[in-house]
1. In sequence order, what are the phi-derived ³J(HN,Hα) couplings for the range 65-74 according to the Karplus relation 6.51 cos²θ - 1.76 cosθ + 1.60 with θ = phi - 60°, rounded to whole Hz, with x for glycine and proline?
2. Using the Cα atoms of the range 2-270 to build a convex hull, what is its mean projected area in square nanometres?
3. Using modelled backbone amide H atoms (1.01 Å from N, in-plane), which distant-in-sequence or interchain residues come within less than 5 Å of GLY176's amide H?
4. Net charge around LEU86, counting only other residues with Cβ within less than 12 Å of its Cβ (Lys, Arg = +1; Asp, Glu = -1)?
5. How large is ³J(HN,Hα), in whole Hz, for each residue of the range 37-49 in order, when computed from phi with the Karplus curve 6.51 cos²θ - 1.76 cosθ + 1.60 and θ = phi - 60°, using x for Gly and Pro?
6. When a footprinting reagent is the concern and you count Cβ atoms within 10 Å, what order do SER9, SER137 take, fewest first?
7. Mind sorting THR74, THR247 by how few other Cβ atoms lie within 10 Å of their own Cβ, fewest first?
8. Give me ILE268, ILE81 ranked fewest to most by other Cβ atoms within 10 Å of their Cβ, as a rough exposure proxy.
Amino acid sequence: MRSLLSAVSTVLLVLVAVLTPLSALAVWAEREIGDPDGYVSAMAPLASDPSVQNAVADRITDEVLTKVDAGPFTPAVRELIHDAVLSFAATDAYKTAWNTVNRAAHTAVEQALTSDDGDTASIDLGPVIEQVKRQLSAEGVPFADQIPIGDITITIVESQRLGVAREVFDALQIAGVWLPVTTALLAVAAVLCAPRRRRALALLGCALAVGGALLLLIVRVGRAVALNDLPSDLDRPAAGAVLDALTASLRTTSWWLMGVGLVAAVGIWWLGRRRQTAQDRQTAQDQAHDRAGKADDHPGTGPADPEGP
């Protein structure tokens with residue numbers, strides 16, 4: 001019976017290790033990508049990312065120059081517009097505009113990730129261009145009033161390229177909070193049915209650490225695959241920064257799982273060893289005391305009298 005319970009506990013711990021990264025992904029899909037506030041919060045740091053700022057500046061500059069005829073002054077105008085966008089990107093107004101356009105893009109992003117009907121999800125740079133136009137006009141740049149404020153976008157997600165990833169994401173979002181709850185119940189069951197619960201607790205810590213390592217591996221492999229599948233015209237450094245921002249909480253979770261799991265496993269093992277050492281010491285003392293007591297109760301005979309009676 002003990003061997004059967006031990007086998008069941010082991011199987012449950014393996015399931016915990018496998019389901020832990022999936023649970024973290026399910027929570028991430030529901031509360032960060034699926035929630036507008038969570039999505040905007042994840043994307044907000046990109047407003048200060050140099051690669052993203054440069055990609056935004058390049059996109060706006062290229063689009064403006066297709067609408068503004070600067071003639072022989074095109075190189076100088078290009079540099080002026082590019083510098084103006086980068087200068088604006090360092091302001092609080094840019095950060096506010098960035099959050100605004102990302103909140104507007106969230107619905108399209110979620111649709112692309114969860115539905116076959118999803119289209120390409122993009123960030124509309126109109127609010128940013130409007131601010132740049134205002135800044136250049138204030139500085140007296142002659143052609144500033146000719147800068148169009150139209151549909152200038154940066155692609156975030158192309159729905160037709162997602163394939164299996166969309167199905168996985170949709171399943172994780174549906175699983176939601178139930179997958180983490182199931183994983184927690186399996187962890188409790190693994191400990192309760194184990195013949196040696198302290199050992200099972202240490203192994204549970206190891207299972208959590210393995211789950212954290214698997215989560216980190218999934219994030220890194222997913223990032224590499226996503227970047228490899230990008231269209232050639234997209235800015236890879238900026239795309240990498242976007243992926244890193246969206247998965248930052250997953251990486252943090254993976255390190256926490258590994259750290260807490262290993263500390264728990266080592267701590268429980270150390271406490272067990274310490275308790276066993278104390279028990280062994282107490283047992284040795286008790287045995288020595290028993291031997292001393294027996295010696296007092298049954299004293300040995302002394303040497304025989306050489307002279308006799």
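Bear in mind these aren't lab numbers, they're just calculated from the coordinates by the rules spelled out. Computed from a predicted structure; not experimentally measured. Note: ideal-geometry Cβ built from the backbone for every residue, glycine included; neighbour counts use all protein chains shown.
1. Using θ = phi - 60°, the values come out as 6, 6, 10, 10, 8, 9, x, x, 8, 3 Hz.
2. Numbers: hull surface 66.6 nm².
Mean projected area of the Cα convex hull: 16.6 nm².
3. Excluding prolines and chain starts, which carry no amide H, there are no hits.
4. -3
5. 5, x, 5, 4, 4, 5, 7, 4, x, 5, 4, 9, 7
6. Numbers: SER9 23, SER137 14.
Arranged by neighbour count, lowest to highest, SER9, SER137 become SER137, SER9.
7. Least to most surrounded, the residues fall as THR74, THR247.
8. Numbers: ILE268 18, ILE81 27.
With the sparsest Cβ surroundings first, the list reads ILE268, ILE81.
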